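Asks: Handing you a structure now.
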Amino acid sequence: MKSKKVIFKEDCGNAPKKLIIFELYQKIINNDESFLEYLKDDIIWDIKGREEIKGLENFLIKVKSFTNNIKEIRLDEIITHGRVAAANGIIELESGKLIDFADTFKFNNSSKTAKISVINSYYIL
């Protein structure tokens with residue numbers, strides 16, 4: 001199977017959480033379950049206006065239900081500060097449809113090895 005792409009401009013490399021967020025997207029769309037290492041066991045994923053997913057197992061089920069249709073993700077920005085991060089961009093589906101999105105992330109602490117505890121997702125279809 002061909003590897004799916006996450007496109008993001010080069011960065012100064014001075015923000016470890018930016019790399020975590022980039023790798024999270026890359027691993028998710030390529031069905032690489034090692035992305036789970038970035039998440040707390042009691043992760044909460046709130047897809048605004050749709051549903052709230054709780055726990056790693058439910059997160060994995062939900063992610064697998066929609067990643068097969070993704071062709072690539074183009075990240076416009078990843079912004080991090082302390083325990084929070086945000087990313088926005090465009091998801092391109094295999095059908096050619098484009099979905100604008102923004103995700104916010106809360107980490108369990110501000111260390112370089114912090115895990116994501118909450119994700120809030122906003123999609124414009």
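Asks: Considering only residues that are more than 12 Å from the chain's Cα centre (by Cα), in a strand (DSSP E or B) and surrounded by 13 or more Cβ atoms within 10 Å (Cβ to Cβ), which ones fall in segment 108-125?
Replies: SER117, TYR123
Asks: Another question, then. Looking at ILE91, ILE61, ILE124, which one is hydrophobic (A, V, I, L, M, F, W, C), in contact with a Lys or Arg (Cβ under 9 Å, 6 or more places away or on another chain) and free of Cβ contacts under 8 Å to residues at least 60 places away in the same chain? Outline the logic, then answer.
Replies: Working: ILE61 fails: in contact with a Lys or Arg (Cβ under 9 Å, 6 or more places away or on another chain); ILE124 fails: in contact with a Lys or Arg (Cβ under 9 Å, 6 or more places away or on another chain).
None of the other options fit; the residue is ILE91.
Asks: Kindly list the number of the only condition in (1) free of Cβ contacts under 8 Å to residues at least 12 places away in the same chain; (2) of a type in the set (A, V, I, L, M, F, W, C); (3) within 21 Å of ALA114 (Cα to Cα) that fails for ILE43.
Replies: (1)
Asks: Answer yes if at least one residue in segment 101-124 is touching a Leu at 6+ places or on another chain (Cβ under 9 Å) and over 21 Å from LYS18 (Cα atoms), and no otherwise.
Replies: Scanning segment 101-124 turns up no residue that is touching a Leu at 6+ places or on another chain (Cβ under 9 Å) and over 21 Å from LYS18 (Cα atoms).
Asks: Take segment 82-107 and flag every residue that is assigned to a loop (DSSP other than H, G, I, E, B) and loosely packed, with under 15 Cβ neighbours inside 10 Å.
Replies: GLY82, GLU94, SER95, GLY96, LYS97
Asks: Is it the case that GLU72 is loosely packed, with under 14 Cβ neighbours inside 10 Å, farther than 18 Å from SER111 by Cα, at pLDDT 95 or above and acidic (Asp, Glu)?
Replies: Taking the combined requirement at face value, the residue does not satisfy it.
Asks: Right, ARG74: closer than 13 Å to LYS115 by Cα and in contact (Cβ under 8 Å) with a residue 12 or more places away in the chain or not?
Replies: No.
Asks: I would also like to ask the following. Does PHE8 qualify as being of a type in the set (Phe, Trp, Tyr), within 14 Å of the chain's Cα centre (by Cα) and at pLDDT 95 or above?
Replies: Taking the combined requirement at face value, the residue does not satisfy it.
The values are calculated or read from the model by the stated rules, or taken from the named source; none is laboratory data. No experiment lies behind these values; they were computed from the predicted model shown. Quick reminder, even Gly has a Cβ in these numbers, built from the backbone with ideal geometry, and neighbours come from all protein chains shown.
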